[in-house]
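*Asks:* Below is a structure I'd like to ask you about.
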Amino acid sequence: MGIRCRGRQVVSGSGMIGEHWSAMEWQRLSVRSGATAPDALYEGVPDHLLHPLDEWLRNEFGWHDSQGMHNSFMQTLSASLRIPVRATYETGGISDQILSALHSDRDLYLDALDATLYLRTARAAPLRQTLLVGGSVWTVSDDGKSLQRRVDETAAAAFRQALAPGDSASHELTAAWTAAFGRTPNPSDAWDHAIKAVEEVLIPLVIPKVAKANLGGVAGELAASSRWQLAPTTSSSSSDDGSTLEAMLRLIWPNPDRHGGGAKRTPTQSEVEVVVHLAVALVEMGRNGRLTKKS
């Protein structure tokens, strides 16, 4: 019999955390009463998540498959993670060797989860829920193919909405998001793709006839011309001449690792997270007609 919370099953008889329970519906009594502070999110694999994550991996290894163990996949996984395993005829012997290596290296454990999502059509929903209720800083990406850092749901929803057109800007945003929030973040690469996403939308709108145009040129046009109008209007009901948008563009242009008159430097993770969120908003503003030429 599983443990229940508000009438919904939390832990199944097999030990896996149920797929249809929302962690937002419950907090520990000690937290609700103010006796203890809410947990900070866990960067690695804490002890309390080892068993449910082990069970998820065992399922992917074929422990509960009537067709038998997935030996080919386990060989690919161990080779990808550089885990040495020895040949064995013992049922589950290879999986036990892999799990033993993962228990001794929690960063490698996260790599194993990420690799399993990529290499297999894995059951992403139960892994996502397990990470959520266990307070992990990691979650499963929307496409179910990788781990990514947890993001505020409002920001994540805005990102998903920005991908809906499926155009070149959407593809650049996807690359920026993955590079910023993926298992192996690359802040400089994320910054580059964020700029390209905004350029795909704003260059055709603002400076379509300029050869080899870039985001700096867009910002320059908005600063030099009084022909532009940004909606909504300000609280004083006077129309914005595009200076607000120009200021936003100056926050992301240029990538400090690529251009600029100052000293070249690698952007930080916290900086690029802001840049990617800002790029999502800028792309939506450009697409939705918020920036227009004055009559």
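The values are calculated or read from the model by the stated rules, or taken from the named source; none is laboratory data. Bear in mind the structure is a predicted one, so any value in this text is a computation, not a measurement. Cβ placement follows ideal geometry from the backbone for every residue including glycine, while neighbour counts extend to all protein chains displayed. Only protein heavy atoms, including side chains, enter the accessible area calculation; ligands, DNA and RNA are left aside. Shrake-Rupley method; radii C 1.70, N 1.55, O 1.52, S 1.80 Å.
*Asks:* Rolling a 1.4 Å sphere over the protein heavy atoms, what is the accessible area per residue of the chain, to the nearest Å²?
*Replies:* 53
*Asks:* Arg183's amide H: which non-local residues (gap 5+, or another chain) put their own amide H closer than 5 Å, with H modeled 1.01 Å from N in plane and none for Pro or chain starts?
*Replies:* Close amide H contacts, sequence-distant or interchain: Leu147.
*Asks:* Turning to a different aspect of this structure: Straight-line reach from Lys293: which lysines have Cα under 20 Å away, leaving out those fewer than 8 places along the same chain?
*Replies:* Answer for Lys293, where 20 Å is the Cα cut-off: Lys209, listed by chain and number.
*Asks:* Right, next: Please name which of Ala263, Thr130, Ser104 has its Cα lying farthest along the dipole of the chain towards the positive end, using unit charges on Cβ (Lys, Arg +1; Asp, Glu -1) and the Cα centre as origin.
*Replies:* Farthest along the dipole direction, towards plus: Ala263.
*Asks:* Okay, moving on. Leaving out ligands, DNA and RNA, and with a 1.4 Å probe, what % of the accessible surface on segment 85-235 is carbon or sulfur?
*Replies:* Summing carbon and sulfur atoms, their accessible area is 51 percent of the total for segment 85-235.
*Asks:* Going by alpha carbons, how many degrees (0 to 90, nearest 10) lie between the helix axis of 47-61 and the longest principal axis of the chain?
*Replies:* 80
*Asks:* Hey, which lysines would be in cross-link range of Lys196, C-alpha to C-alpha under 17 Å, not counting anything within fewer than 8 residues on its own chain?
*Replies:* Lys212
*Asks:* Convert each backbone phi in segment 116-129 into a coupling constant with the Karplus relation 6.51 cos²θ - 1.76 cosθ + 1.60 (shift: θ = phi - 60°), then list the ³J(HN,Hα) values in order as whole Hz, x for Gly and Pro.
*Replies:* Once rounded to whole Hz, the list reads 5, 4, 6, 7, 10, 7, 7, 7, 6, 4, x, 5, 4, 5.
*Asks:* Related question: How high is the relative contact order of the chain, in percent, with contacts defined as C-alpha pairs under 8 Å that are six or more residues apart?
*Replies:* Computed over the chain, the figure is 13 percent.
*Asks:* Would you work out which of Ser30, Ala162, Phe181 lies farthest towards the positive end of the dipole of the chain? Charges go on Cβ: Lys and Arg +1, Asp and Glu -1.
*Replies:* Ala162
*Asks:* Still on this structure, please answer the following. Using a simple charge model, +1 on the beta-carbon of Lys and Arg, -1 on the beta-carbon of Asp and Glu, nothing else, what dipole does the chain show about its Cα centre, in debye to the nearest 20?
*Replies:* Roughly 540 debye, rounded to the nearest 20.
*Asks:* Check which residues have an amide H placed less than 5 Å from Ser136's amide H, if you skip close sequence neighbours.
*Replies:* Tyr42
*Asks:* Using only helices, what value at 222 nm comes out for the chain when you add -39,500 (n - 2.57) per DSSP H run of length 4 or more and divide by the total residues, to the nearest 500 deg cm²/dmol?
*Replies:* Rounded to the nearest 500, it is -15500 deg cm²/dmol.
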